[in-house]
Structure formats: C-alpha cells, structure tokens
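Everything on this sheet refers to the single structure shown next.
Rule-based calculations on the coordinates, nothing more; no lab input. Just so we're clear, the structure is a prediction, and the values are computed from it rather than from any experiment. No Cβ is skipped: glycine too gets one built from the backbone with ideal geometry, and neighbour counts run over all protein chains shown.
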C-alpha cells in the first residue's frame, strides 16, 4: 500500500503547524466525555450480548460537527477532533472490559464494580501512555503504509464538515444510506443479520456474510489488496480447515477435546468456535510477533529520539512545531510507574511484583501489535480477543515456569490479562485517533491529554453498566436440601451479598471434578460457618441474553493452561500457518486476522474492497490510492450512519417492554410480518444494494 503522493513530497496537514486554532476547550472535553459515557455504556451491553462492538470515533465525529460550531473566522475542526478523541475511549475500554473481566464469574469469583472500575482505569491509562512513544513510528514514519481506515474516515468527515458544500453533502448522504440499510437489521428487524449457505457436495463448507454496511465501508477504505489478504485467511478456515475436521472427525463416537459434543452433531459454525478459533489465535499471536520484530528497529529509533530530546542531544527543532509535541518523556515514565505501583499495592488487585512486571512488558509489546493491526485492518476488524489469548498464553506460561498451577492462580492471571487487554485495546484506539489528528494537523499532546480524560470519565459508566446488567438478570434458587462443599473450594472463595436475604455468603464455584451425583457443577452461595450451600446462583452474565462469549473463551484458556488442558496442537497449527505465509514472502498478520475471524465478518470487508477495485477501474483512478476522496468520503458517512444505528439498537434494550428474544423494541417490528424479509435471498439483495450504493457514491461530481 503506497502513498499516492510523490516520495519526495512533504506531508501537509489540513491545519498547518504554523496556524493556531481552538482545540483543547472545556466544551469539547465536556461533549466528548458525555458521548464517551453514552457510547461506553451502549458498547458494554452490545459486547455482553453478541461479543462485538463497533467503532465510536466515526459517529462521534459526525455528532461533533453537528453540535459544535464557531462563529466568525475561527476554525472549529480541531475542537471537533478533541470531541471524537475524548469520546472514543469509552468504546475501546468497554470492549476490552467485557471481553475479559466477566470471565471472573466463569472462574468462580463474583463480579465487583470496584475491581472492574480499577482494572478499566489502570488499563486504559496505560494504553495511552504506552502508545505515545510509538506515535512517530506508527503514525508519521508509516504514513501511506498503515491506512487506519476508521481514523481516516473520521478525518474526512471532520474536513467535510468544515468545508461544507459537496463534500459535506457526500458524507451526510452516505450517513443516511448507512443508517437506512442498518436499520433493516438493527431497528425494524425482519432482515437477517447474516446470510448462510452450505456448499452442495462439500460437507462442512459454508458461505456466510453479515449484512453490515459499516464493514463494507471499512473494506472500501482498506482497499482491494488488504481485503483480499484478510478474506483469504477466512477462506482457508471455512473451506479447508473446517471441512477437514468434519471429514476426519465425523466417524468419532465421542467428543474430541476441546469440544464437549461429537463432531458429527456440530454445525460448521460450532466446529469453527470449538476448533478454528484456537488455530486462529495461534496464527494471530505468531503474526503479531513477526510484525513486532519488523517494527523493533524503528521503535528503538523513535525511543532513542525521545531520549535524545529529553537529554538535549536531539536538538530543539522538532519541539518547536505544534504538530510534533508529545507528552514529555518524564511524565510518561512517572505516570506509568505510578499506575504500576497502584496495581501492585491496592489490595483489590492481590497483585504480585511478577504480575506488575508482566503488565509492563507484555502491555508494551502487544500495544505495538494492536496499533499496527488497527492501522492495517481497522479497529472494527482488530482481533482483540485473539491478541488477548496470546497474552494469556504468555502469562500462564510464566506462571507454570515458576510453579504456579491450578485454579488458585486463575484470578491473578485473569486480572493481569484484563489490564493488558484494556491497555492494548486503548492503544489501538489511541493510534487511530492520533492518525486522525495527524491528517488534520492537531497537537498530539493535547489529543493525548483528551484521551486520558476520556478514560477517566468513561470507566465508571463501563464498570457500573456491566455490574448492573449482570445484577438485573441474576437468579438465586434456595436449595431444598443443603450440602457441604469441599473445604478447598470454600477457602479460595470470596464473599458476596445474597439478593434473596441480604446476608453475605461465600461465592463458591463447583467445577465438574468437584460436583457430585446429586449436586451439579455451578455457583453456590455457601454459609462460611457451617460450610453448607444455601443457594444455587445463576449470574446474569453467562445466562439468557448476556452470554459474554469472549469472556467465556478467556476462562477456558486460563483453565486449560493452568490445568494443562489447553489444545496446543490446534494453536501450533495456527503458528505453522503464519510461518508458511511469511515464507511465501507475505506479511502474515492480516492473513492471520482472517483465519481468526469468521467468514461472515471478513466477507463484507472483502466485498467493500471489491467495490473499491471496480470503482477505481470505472472512474480511472490509481488502485487503492491514498488520496481517493469521493468514495472515502461516502464510505465514511456509511460507517458513521451504520455505527450510530448499531448503538441505538443496543440502547433499545433499556426501554420498558423490551422483548429479550428480539433485537428491537416490539412496536417497531413491522418488517417481521413480511414473508420475504427474513429470507437469505433478500439478505443477499440488501448486500448487493449496499455495494451498488458504495459504487455510485465513489463517482466524482458531474461537470456541466
């Protein structure tokens, strides 16, 4: 992916470095914080419900243009950028929290709002601090190589809002189109969220595609080359790996670990969830290691330049430009040390010094990987859970090396992994926001300050939303016959207040090997004095509509590693796949992301890239050019409109009369009465229509 500008042409930001404009204002921080809280709460519900979130930067950029305007000659675009920078932290923190922290329930520990908030706060702050020294490498030196599609989309929206005229019209037309198509699945219902079709005569092979205008818009911005590489990984998984597992495993009379049911009884999707996801995690971890090794020389150069500027060896020229000012290195080092000291000393963490060191080392290394993946495929397609699995494998590997085995260390491993997961998630979002600022001509140090404020204001919303959602659907059943639990299980348990009688009980999880013939595995509230179980507890997270699938996966990984039950053969297959792609001469990380993500998620990205290829041919443009304005503007609007509708759909869950079996409020479900709306054929027609809209939106303005 080459920059369309001549190699010797200097980059010119939208607002020159010599120009001063309002930027870090109180009103921008206030609006960004409010939007961060709203999007963080909605993203928390969405991640608990279906295990995914959508980017908040692009829709917040639209809202910033609409809400904040300045009279006179002063430009408001840098203020608008501060709004989206501050607000984006809520979504990135929410996704990482929900992907990890609820695993405490699966491991046998209660979900506490205080601990959740502390994990979110420390991880979010570390993510910003770890990204700052990487800005010169990832954003400046790799400009034209790393596209950061959502970051570029946010910049185009903000520039179009300032220019007005045809540019703004194109963005807002795209916004309306994206919202209209997304409403068919997110609000009005009836249209399938994804279409599926088995391949005749090829057992186990299935074509699937989400009806997702936002992913098609991301694919258009990414371009043809990247989208092809990503979907190739998913095609390998869906048309080679899954059919092979079905072919060789259908004759087995028993379940093949790590699954708990026979392969012959599984659908292709279940095969993917039980087996391919582990393969994909191994591929993503290996691809990330290769990306990190390639980046190390440039990272070292950037860090050396920062130390040189600190000691006076680097000269003062770079520090005079407004667009080159970062948070000073002493502040970064002092802030990072303070956060790690908090994690080590606050009793709620129960942290060892080794754990704090793991957070520092793995957090920084995977922040590089996360930021680069975000630059290559965008935040919507960034495999956060796959990278977190790699983190957990490293953590548990160190634990096993020092002799820390079994469930006694599962809580510690999860907390370390959760802090790192939040840090790398926020580092990816931070790099995306800094890319937007780089294109606009923002002041990096002010953006970095806004990101820290966004973390501080959004973590409470994320912590309380996850806690209250879990509490609202938690059920306790009084046992007709009490029984004594094993003493070892009681000793490692924490206390929690019962919803039934208000008394405090030990929160005890009986694993499969601890359950008896009369008492099933599960969570029980146990009276400490007598050691007898009084209630069977079913937390809201993990039951009903709050499945938290990613958190469940994290608990399985930790249990498997510390209990020596992880399917290493599957993970090593993923490692071998990434090595094979590297030996072919390609960079394996984008391909590995495709292996980890289901075909239903990568196919719409590919279709958006295919539309970009057709548009470049039809309108006689350079293939995947960085400066293609028309389609990028339109696609940015589509991403924003679809993302806003996705968040609105999540917010509907809090309305009175909401039906848990629907994805919308029942009063809006008129499309469900149309017989053709729920068919796969209609879903394919909608996908084709979205592609046609993207193609037409890429056309330039007609000249008279």
#### Entry: residue 490/residue 262 FRET efficiency (R0 45 Å; Cβ-Cβ; nearest 0.05)
0.80
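To the nearest 0.05, what FRET efficiency results for residue 500 and residue 240 with a Förster distance of 51 Å applied to their C-beta separation?
Values: r = 52 Å, r/R0 = 1.01.
Working from the Cβ atoms, E equals 0.50.
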### Query
Packing-wise, with mean Cβ within 10 Å as the measure, how do 458-469, 194-205 rank, highest first?
458-469, 194-205
### Query
Using 7 Å Cα-to-Cβ label points, what is the residue 252/residue 400 separation (nm, one decimal)?
2.0
## Note on the structure
For 492, 446, ascending order of other Cβ atoms within 10 Å (fewest first) is 492, 446
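Figure the gain on full extension for residue 460 and residue 696 (residue separation times 0.36 nm, minus the Cα-Cα span) and round it to one decimal in nm. Mind dumping the intermediate values first?
Working: separation 236, 0.36 × 236 = 84.96 nm, distance 4.32 nm.
Extra length from residue 460 to residue 696 when fully extended: 80.6 nm.
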### Ranked packing of 631-639, 175-183, 266-274, most packed first, by mean Cβ within 10 Å
631-639, 175-183, 266-274
### Message
Please report the spacing between the Cα centers of segment 334-350 and segment 448-509 in Å, no decimals.
### Response
23
### Query
Over segment 475-538, what relative contact order in percent results from Cα pairs under 8 Å that are six or more residues apart?
39
## Note on the structure
Kirkwood radius from Cα pairs of segment 379-478 plugged into Stokes-Einstein at 4 °C, 1.567 mPa s, gives D in µm²/s equal to 78
### Distance in nm between pseudo-label sites at residue 685 and residue 619 (7 Å out along the Cβ direction from Cα)
2.8
### segment 87-226 - Kirkwood radius from inverse mean 1/r over Cα pairs (Å)
19.4
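What ranking do 24-31, 129-136 get when scored by the average of other Cβ atoms within 10 Å per residue, highest first? Write down the numbers at each step before the final one.
Values: 24-31: 17.2, 129-136: 24.6.
Top of the packing list down: 129-136, 24-31.
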### Summary
The distance between the Cα centres of segment 375-436 and segment 199-265, in whole Å, is 25
### Task
Rounded to whole Å and ordered largest first, report the semi-axes of the equivalent ellipsoid of segment 475-538 derived from its Cα gyration tensor (root of 5λ).
16, 13, 10
### Task
Take the alpha-carbon centre of segment 536-600, take the same for segment 354-373, and report the distance between them in whole Å.
18
